[in-house]
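Reviewing the structure listed below.
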Amino acid sequence: MAQQQYTLFKKFIGYGHYKLIIVDKEGTRMEAVTGDMDLISRLSSELEEEREKATKEAINYVLQES
């Protein structure tokens, strides 16, 4: 079974919290709110490997919370 592909977006909502949004290729959207600033900063890392790992972690977080 192939793994589902998601696109990740993040949106600042205030007080150190971000809304993580994932969208699959069919347009299905899922959201979760996080205050994990370490994860948010790793999503913007200059190191591609770190960004990729953080993206996978963020997607898994949204899937668990949704």
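Since every read-out is calculated from the coordinates, none of them should be taken as a lab result. Treat the numbers as computed from the prediction; the structure is a model and nothing was measured. Cβ sites come from the backbone with ideal geometry, for glycine too, and all protein chains shown count toward neighbours.
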Relative contact order of the chain, defined on C-alpha pairs under 8 angstrom at six or more residues apart (%)
27
If you plug each phi of the range 33-47 into the Karplus form 6.51 cos²θ - 1.76 cosθ + 1.60 with θ = phi - 60°, what whole-Hz ³J(HN,Hα) values come out, in order, with x for Gly and Pro?
9, 9, x, 6, 5, 5, 4, 4, 5, 5, 5, 10, 4, 6, 8
Set of the range 36-66 residues, backbone N closer than 18 Å to the point 7 Å along the Cα-Cβ line of Gln4
55-66
Is there a quick way to get the dipole size of the chain? I mean about its Cα centre, with the Cβ of Lys and Arg at +1 and of Asp and Glu at -1; what is the value in debye to the nearest 20?
240
The chain: trypsin sites (Lys or Arg not before Pro) in DSSP coil with no more than 16 other Cβ atoms inside 10 Å
Lys25
How are the C-alpha pair distances of the chain spread across 10 Å bins, as whole percents from the shortest bin up?
22, 54, 23, 2
Work out which GluC sites (Glu not before Pro) in the chain are exposed loop sites (DSSP not H, G, I, E or B, at most 15 other Cβ within 10 Å) and give the longest gap free of them.
1-25
DSSP loop (so not H, G, I, E, B), at most 10 other Cβ within 10 Å: list which chymotrypsin sites (Phe, Trp or Tyr not before Pro) in the chain pass both filters.
Tyr15
